[in-house]
Structure formats: structure tokens, C-alpha cells
Amino acid sequence: MARLKIELPQKILSVVSVPVRITDLNYGNHVGNDSMVSILHEARVKWITDLGYSEFDLEGVSLILAGLAVEFIRESFYGDELIISILAGEMTGSGFEIFYVVHSKRNEQLVVICKAKTEMVCYDYNAKKVKPLPEAFRKILLQD
């Protein structure tokens, strides 16, 4: 079976920190895959909030998750402070890709815990329709 490999873009938009909580652990005593998805969500919300937006109001549109891939590399444990780089991927007329690199400090060095990608679509929940990616947010994704 071929192993999932996520190729990362170069453009880092932001770096956020998310602590591992005791409730993030599974029966193997490390962060569960479902909890890692929640941690990625937390990182995305922190980034969007730092920009002055929310997932329900991004220049007048909402965001909906259309796709998700996670490449697990190492375990993460209670007490880890995860350092998550958020990177810009491709854009379409109505959406964009966000990539994540999750690091933790081990023996005074940062090690990669996982890489991930989400596909976000701009959406109007009231009309139940896909909406165009706002130009102001497109510029944020294109920042150099």
C-alpha cells in the first residue's frame, strides 16, 4: 500500500501554538487521530481570528471543510506544546487549500509530528450555495 505523502508549499502564512490536552489522548496514551484533526481546526481558527475573521464571517462568507488529509509521522503526548505552521496552497474561484506542519520540541529540537491539508470552500449557509472567494482574503493568501 502506498503511504500518503503531503507535499508542502513554501509560503508560511502564520505559526500558532496549541497545547496537547489530556482529553486529546487515546488508549495508546498519545494524541488520537480524531484529536489531531481537532487540533488542526483549532490552529486554523486561531489564524483566522488573528486576521480579524471567523469561520462564519470571512468577508461576508462562511467556510466549509471540503477535504482533509493527514500524514502522521510521530506520536505526540500530553504536555506537548504543538507549534503549527500554516501554509497557503492552491486557490480556486470559491476556495483554497491550507497546509499544516505540526512540530513538537524533543531534546531541544523541533520534530515533525504530522503534515496535513484542508480544502476550504466559501459558502453561504442561508442560501446553501458555494460563494466566490473574497478578493481581500485572496490577497492575504497571496501575501509575500
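The values are calculated or read from the model by the stated rules, or taken from the named source; none is laboratory data. Keep in mind the model is a prediction, meaning the values are calculated, not measured. All Cβ positions, glycine included, derive from the backbone under ideal geometry; neighbour counts span all protein chains shown.
It is to be established whether one or more residues within region 38-56 are modelled with pLDDT under 95 and not charged (D, E, K, R).
Checked against the condition, which is being modelled with pLDDT under 95 and not charged (D, E, K, R), region 38-56 yields no hits at all.
If we keep just the residues of region 92-112 that are of a type in the set (S, T, Y) and outside any strand (DSSP E or B), which is farthest from Q10 (Cα to Cα)?
S94
What are the residues in region 77-91 that are part of a strand (DSSP E or B) and in contact (Cβ under 8 Å) with a residue 24 or more places away in the chain, if any?
E81, L82, I83, I84, S85, I86, L87, A88, G89, M91
Is one or more of the residues making up region 115-122 of a type in the set (D, E) and more than 13 Å from R44 (Cβ to Cβ)?
Scanning region 115-122 turns up no residue that is of a type in the set (D, E) and more than 13 Å from R44 (Cβ to Cβ).
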